[in-house]
């Protein structure tokens, strides 16, 4: 839960509402939310802290009860986290 709170605090500088961030779920090692706002790509964004003290960011969609990963960026530093998400959701 603490990692999820830290990620939300780090993303506070950007307007999460612009991404349509909703249905936020705290994961053991990160945060997942649904992107459904004024963006090109709507789907699920997952941000997980990895063993390098960096983030792995994935974007995917659920169709017919199956999750399909569409984009992945590994070893993202906090200073590049917003850009990595923006490139995925538009």
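Here are a few things to note about the model shown:
- Each of 24, 88, 1 was scored by other Cβ atoms within 10 Å of its Cβ. Arranged with the fewest first, they read 1, 24, 88.
- Cα gyration tensor shape for the chain, rounded if a/c is under 1.5, else prolate or oblate: rounded
- Residue 10-residue 50 pseudo-label distance in nm [points 7 Å out on the Cα-to-Cβ vector]: 1.3 nm
- Residue 23 versus residue 69: modelled label distance in nm, points set 7 Å from Cα along the beta carbon direction: 2.0 nm
- Rounded to the nearest 0.05, the FRET efficiency derived from the C-beta distance between residue 36 and residue 78 at R0 = 25 Å is 0.55.
- Value of relative contact order over the chain, rounded to a whole percent, pairs C-alpha under 8 Å and six or more apart: 21 percent
We did not get these values from a lab; they are worked out from the coordinates using the rules stated. In this text, all values refer to a predicted model and were calculated from it rather than measured experimentally. Don't worry about glycine lacking a Cβ; one is built from the backbone with ideal geometry, like all the others, and counts go over all protein chains shown.
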